[in-house]
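Worksheet: the structure to be examined is printed underneath.
Bear in mind these aren't lab numbers, they're just calculated from the coordinates by the rules spelled out. Just so you know, these numbers come straight off a predicted model, no measurement behind them. FYI the Cβ positions are ideal-geometry reconstructions off the backbone, even for glycines, and counts take in every protein chain you see.
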Amino acid sequence: AKSLVGGVQGGLPMTCVLTCMIFAAVSGSSVATTFAIGAILIPALVKHGYPVGYAASLQATSAELGVVIPPSIPLILFGVAAEVSIGELFIAGFGPGLLIGVALMVFVHLWCRFKGLGKTDGDGRLGVWPATRDAGWALLMPVIILGGIYGGVFTPTEASVIAVFYALGVGLVIHRELKLTDIVVVLRKSVISSAVIMFIIANAGLFAFLLTRAGIPDAIGQWLAAVLESPALFLLGVNVALFVIG
């Protein structure tokens, strides 16, 4: 990512956004994207003179691409709950994800020029070809995952299994950054991360059940339909309501 956009002023924050976009095509989770990318890029941003608050907020904003760009865990949950095609939901997420990512990078670049930050962000930047060659095996993962899902080769659930074994093979055999003794630690971290996410989902499910029993969603929907008569105003009102509720 740095080889592609890191050569301009503000290139490091732009690298953060682009890396989150790439990682989002693997993780499907904003939490996982924050963990993986933030641990590397927040210290790097602070080291290059960016305020801590800016680095943290940029990472938090960029990581939200994890739930927009497919494969997205919330899109899968919505697809299961609403009984709609998960593949079509994934296709629908590409446009908004790319739009948000590009808009963020443009804003970050302009903000850095305005503030006079990031003039040395290009230091230590590899060329595009050497960087692509080094990262080639890792970059194949989202291609395999999304290509297999859209091509009908396997389901989103099966894609997660294939992704795990592909990453295991690349880590053990090709990059050799992973040892057999590390797998126990990896499994332990996976259990903890999964438990945290499932606990949140379980509580969200209970909360949604209570709201539904109380009739709150129906009341809000009927009120919006009565107050906002035109389709454009209705869509705008729904988005405002979702923003407040969220």
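If you plug the beta carbon distance of A232 and S194 into 1/(1 + (r/R0)^6) with R0 = 45 Å, you get a FRET efficiency near 0.60. With a cut-off of 14 Å between beta carbons, the residues surrounding L12 carry a summed charge of +4, where Lys and Arg count +1 and Asp and Glu -1. Could you tell me whether the chain comes out rounded, prolate or oblate from its Cα gyration tensor? Rule is a ≥ b ≥ c as square roots of the eigenvalues, rounded for a/c under 1.5, then prolate if a/b exceeds b/c, otherwise oblate. Since a/c reaches 1.5 but b/c is at least a/b, the shape of the chain is classed as oblate. Estimated from the Cβ-Cβ distance and a Förster radius of 51 angstrom, the FRET efficiency linking L126 and F243 is about 0.80.
Dipole of the range 109-180 computed with +1 at Lys/Arg Cβ and -1 at Asp/Glu Cβ about the Cα centre; of V143, G118, T132, farthest Cα towards the positive end is G118. Suppose R0 equals 51 Å; then what is the FRET efficiency for L172 and S57 from their Cβ-Cβ distance, rounded to the nearest 0.05? Approximately 0.90, to the nearest 0.05. Based on the alpha-carbon gyration tensor of the range 1-104 and its eigenvalue square roots a ≥ b ≥ c, which shape applies: rounded if a/c is under 1.5, prolate if not and a/b is larger than b/c, or oblate? Verdict is prolate for the range 1-104.
Working from label points 7 Å from Cα in the Cα-to-Cβ sense, the K179 to T157 distance is 3.7 nm.
Please state the shape class of the range 131-246: rounded when a/c is under 1.5, otherwise prolate if a/b exceeds b/c and oblate if not, all from the C-alpha gyration tensor. Because a/c hits 1.5 or more and a/b exceeds b/c, the range 131-246 counts as prolate.
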